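Reviewing the structure listed below.
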């Protein structure tokens with residue numbers, strides 16, 4: 001069975017937030033208005049506001065590559081996991 005393209009795994013969420021936090025720490029512009037200064041908290045805030053500038057490519061066992069609809073996937077994650085990340 002294949003994981004739906006409009007859903008994220010907990011591992012993908014962790015990777016999205018950590019990758020974005022690293023980008024912010026290295027000087028990338030922040031895409032949300034916030035009084036926070038911690039890169040991880042800023043990345044989480046971007047995730048909550050669905051302002052994630054990241055594309056997810058899933059490579060399936062048969063070698064096929066699927067692109068995840070990130071906006072819809074984040075929306076579904078926030079709906080399924082209130083109060084997270």
Could you tell me how many degrees, from 0 to 90 and to the nearest 10, lie between the Cα long axis of helix 39-48 and the main elongation axis, the longest principal axis, of the Cα atoms of the chain? 60
Which FRET efficiency value, to the nearest 0.05, do you get for residue 67 and residue 35 by plugging their Cβ-Cβ distance into 1/(1 + (r/R0)^6) with R0 = 41 Å? 0.75
Gain on full stretching of the segment that runs from residue 75 to residue 59 - 0.36 nm per residue minus C-alpha separation: 3.5 nm
Against the longest principal axis of the chain, how steep is helix 10-25, in degrees 0 to 90 to the nearest 10, with axes from Cα atoms? 40
Which label belongs to the value computed from this structure, given these candidates for Rg/Rh (Cα atoms, Kirkwood Rh): (i) 1.17; (ii) 0.92; (iii) 0.99? (iii)
What percent does the relative contact order of the chain come to when contacts are Cα pairs within less than 8 Å and at least six residues apart? 34
Which order do peptides 70-76, 42-48 fall in by mean Cβ count within 10 Å, highest first? 42-48, 70-76
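A short reminder: the numbers here are calculations on the coordinates, not readings from a lab. Worth saying up front: this structure is predicted, and the values here are computed from it rather than measured. Cβ atoms come from the backbone with ideal geometry, glycine included; neighbour counts cover every protein chain shown.
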